[in-house]
Every structure is written in C-alpha cells, then in structure tokens.
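The values are calculated or read from the model by the stated rules, or taken from the named source; none is laboratory data. Just so it is clear, the structure is predicted and the values come from calculations on it, not from any experiment. Glycine also receives a Cβ, built like all others from the backbone with ideal geometry; neighbour counts cover every protein chain displayed. Side chains included, ligands, DNA and RNA excluded: accessible areas come from the protein's heavy atoms. Shrake-Rupley method; radii C 1.70, N 1.55, O 1.52, S 1.80 Å.
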Amino acid sequence: MDEVTFRSDTVLSDVHLYTPNQRHLMVRLNGVGQPGGRRHHGRRSTREPPQCHPNSGHFFRFPSCPEHTMATPLEDVGKQVWRGALLLADYILFRRDLFQGRTVLELGAGTGLASIVAATVARTVYCTDVGADLLAMCQRNVALNSHLAAAGGGVVKVKELDWLKDDFCTDPEAPFSWSEGDIADLYDHTTVLFAAEVFYDDDLTDALFATLSRLAHRLKNACTAILSVEKRLNFTLRHLDVTCEAYDHFRSSLHALEKLAHGKLRFVVEPVEASFPQLLVYERIRQLELWKIVAEPAA
Ligand SMILES: C[S@@+](CC[C@H](N)C(=O)[O-])C[C@H]1O[C@@H](n2cnc3c(N)ncnc32)[C@H](O)[C@@H]1O
C-alpha cells in the first residue's frame with residue numbers, strides 16, 4: 001500500500017480493503033456455494049479481518065483485491081474504493097434475479113469493484129468512468145478477476161463515459177472508446193444502470209442525472225437504476241452549522257426526476273431498505289443509502 005501524504009485537498013475513503021498476505025476480499029457463501037450467511041450487525045472496523053476464517057467454510061473470494069489507493073486528491077477519488085460500492089455489491093449479490101444474464105452499465109465505476117461483482121451474474125457489464133489512468137487501473141482489476149466473471153458467463157467492458165459530454169467517445173484511437181457494435185448492444189439490451197458514491201459535487205450530480213435520463217430514453221427496454229449514496233455531514237462556515245448539501249442536492253435531483261412531465265418515460269423513485277444480507281466487509285452505517293429508480297413508459 002502506498003505511503004499516504006495528506007494535503008489540504010486529500011480525500012480519504014473509509015474503506016481500506018482487508019489485505020492479508022495475498023489481499024483477499026471475502027464474501028461468505030452458504031452451504032450450496034451461493035452468497036449467503038448471516039448479516040453482520042456489529043460496528044466493526046473495516047481494518048479488522050472478516051469474522052469467518054478462510055479455512056472454515058465456503059468463500060467467494062476476489063483472488064486479487066482490486067488495485068486501489070488509500071487517499072487521493074479530489075480529482076482522483078475514483079482510485080479509492082468507497083463504502084457505497086460495497087453496499088451496491090452486496091445488493092447485486094442479493095438481487096441476482098435483477099442482474100442474471102442481463103446487460104448492465106455502471107456509471108463512475110472507479111476501481112471497478114461493483115462491476116466485477118455484477119459480472120459474476122450479468123452477461124455483459126459496461127463499466128464506465130473517465131480518465132485514461134483510472135480506466136487503466138480499472139481494466140487491470142477486471143483482468144485480474146476475469147475468471148470470476150467467466151464463471152458466471154459474464155464479460156466486463158471498460159469504457160469511457162463522461163457525464164459532461166452528450167455522446168460516447170467513438171474515436172478508435174482513444175483508449176476505452178466505444179465501437180458502433182458496443183453502442184448498439186448497450187441500447188438494445190441494457191436493463192440495469194448502477195452507480196455508487198457519485199454524488200459529491202452538485203454540477204456532477206446534475207450531469208449524472210442528465211446522463212441517466214438520456215440513457216433511459218435511448219434504451220430499447222425499460223430499465224432500473226440503483227444508486228448508492230452516503231449522507232455526509234459537514235460543518236460549513238457559510239451556514240455556521242452542520243449540513244449535508246451534496247446529499248440534499250441528490251435528494252432534490254431524485255425529486256425533480258420523478259416530477260419530469262415530458263418525454264416518453266416516467267421515473268418512479270423509491271428507497272431500498274438496507275436490510276439485505278451483508279456479505280462484504282465494511283461498516284454499514286445508517287448514513288449509507290440505496291435508491292432505486294424505475295423508468296417505465298409514460299401512460
Ligand atoms: C467517489 S468516486 C466513486 C467510485 C466508485 N463508484 C466507488 O464507489 O468506489 C466517484 C467516481 O465518479 C467519477 N466521475 C467524476 N466525474 C465524472 C464524469 N464527468 N463522468 C464520469 N465519471 C465521473 C470519478 O472518476 C470517480 O470514479
């Protein structure tokens with residue numbers, strides 16, 4: 001793990017992946033080899049090893065822990081694993097029916113952890129983010145864990161998708177660009193969109209919601225979007241109080257999406273109770289939330 005030097009713009013995720021000798025992220029499996037097991041209720045530090053011992057039962061294991069960084073400047077936040085990615089991964093394993101054999105797309109995938117988990121169930125995962133460096137790290141993580149996807153028949157395609165741009169990058173010279181075939185496959189088959197911890201800057205949140213809406217309108221099939229967010233409280237000098245502005249902006253964006261009156265779709269928004277089993281090791285704090293958006297034809 002890299003030495004961390006803290007500067008004024010350094011941001012630090014609460015997740016530090018458990019990295020014993022060969023860096024394993026573990027998920028408890030039930031007796032028939034499916035993800036299962038008891039929900040963890042205690043407040044355990046993410047630095048502690050999982051409660052179950054590697055030799056004691058069945059494990060679903062990332063043989064190569066996703067390459068990630070402990071602390072980064074704000075523009076490199078995608079190189080850290082955020083708690084919401086683990087909550088989303090747990091949800092994917094819980095709602096396998098939603099992902100089984102499907103084509104799905106992750107927005108702002110960062111290290112690619114949630115996409116790698118999705119590929120154990122889905123047929124094709126479009127794992128997207130921006131920045132050649134970050135996408136290259138993500139691609140390495142996908143390659144290191146490709147047998148997990150293969151076991152479930154899935155494939156992960158790492159691609160650039162910038163919410164601040166209206167279109168896909170199709171320049172064949174650019175790394176992680178889209179082929180016409182990929183775009184057609186995405187539009188024809190995608191039924192699930194998902195994103196973890198991408199609501200920390202109001203302009204980016206607006207761009208992400210615009211992207212979600214645009215994609216949903218272009219997809220041939222109805223789709224469901226699953227979003228994780230952590231309600232972060234900050235003291236601001238402007239308010240001289242503790243606020244959660246980024247979270248509030250996310251909630252008002254959800255509300256605005258639901259109120260959209262034009263277009264061929266209507267969006268139904270609902271919170272997902274985080275009572276599904278916890279298979280990955282992280283602290284499932286109360287501020288960690290999951291939201292579901294169903295895009296369906298307007299009546
Ligand atoms: C806090 S990180 C979350 C990463 C990952 N989903 C996780 O939870 O571990 C936010 C992610 O949003 C991505 N992002 C920021 N601006 C973006 C943009 N304009 N288009 C696409 N992705 C963007 C970042 O590169 C980063 O990977």
For the stretch 150-170, state whether one or more residues are open to solvent by 40 Å² or more (accessible area, probe 1.4 Å), out of contact with any strand residue (DSSP E or B) (no Cβ under 9 Å at 6 or more places or on another chain), more than 24 Å from F99 (Cα to Cα) and more than 16 Å from the ligand (Cβ to nearest atom). yes
Within the stretch 222-267, how many residues are closer than 14 Å to D202 by Cβ, within 18 Å of the chain's Cα centre (by Cα) and among the small types (G, A, S)? 1
Single residue of A143, A109 found to be of a type in the set (A, V, I, L, M, F, W, C), assigned to a helix (DSSP H, G or I) and under 21 Å from H68 (Cα atoms): A143
Residues of the stretch 246-263 being open to solvent by 70 Å² or more (accessible area, probe 1.4 Å) and at pLDDT below 90, which ones? A261, H262
Collect the residues in the stretch 248-282 that are under 25 Å from H217 (Cα atoms) and hydroxyl-bearing (S, T, Y), keeping them in residue-number order. S252, S253
Name, by its number, the condition in (1) buried (at least 24 other Cβ atoms within 10 Å of the Cβ); (2) within 13 Å of the ligand (Cβ to nearest atom) that does not hold for V104. (2)
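Taking A114 as the residue in question, decide whether it is near the ligand (Cβ under 10 Å from one of its atoms), modelled with pLDDT of 95 or more and assigned to a helix (DSSP H, G or I).
Answer is yes for this residue.
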Has the stretch 81-89 got at least one residue that is open to solvent by 30 Å² or more (accessible area, probe 1.4 Å) and within 15 Å of the chain's Cα centre (by Cα)? yes
Check L208, L193 and return the single one that is under 18 Å from V125 (Cα atoms) and either within 15 Å of the ligand (Cβ to nearest atom) or of a type in the set (S, T, Y) (or both). L193
Of all residues in the stretch 267-291 being of a type in the set (V, I, T) and in a loop (DSSP other than H, G, I, E, B), the one that is surrounded by the fewest Cβ atoms within 10 Å (Cβ to Cβ): I285
Just one of (1) at pLDDT 95 or above; (2) outside any strand (DSSP E or B) trips up R232, so point out which. (1)
Go through the residues of the stretch 191-203 one by one and say whether even a single one is over 22 Å from E245 (Cβ atoms) and in contact with a Lys or Arg (Cβ under 9 Å, 6 or more places away or on another chain). yes
What about D201, is it under 18 Å from G110 (Cα atoms) and among the charged types (D, E, K, R)? yes
Would you mention how many residues in the stretch 186-227 are open to solvent by less than 20 Å² (accessible area, probe 1.4 Å) and out of contact with any Leu (no Cβ under 9 Å at 6 or more places or on another chain)? 1
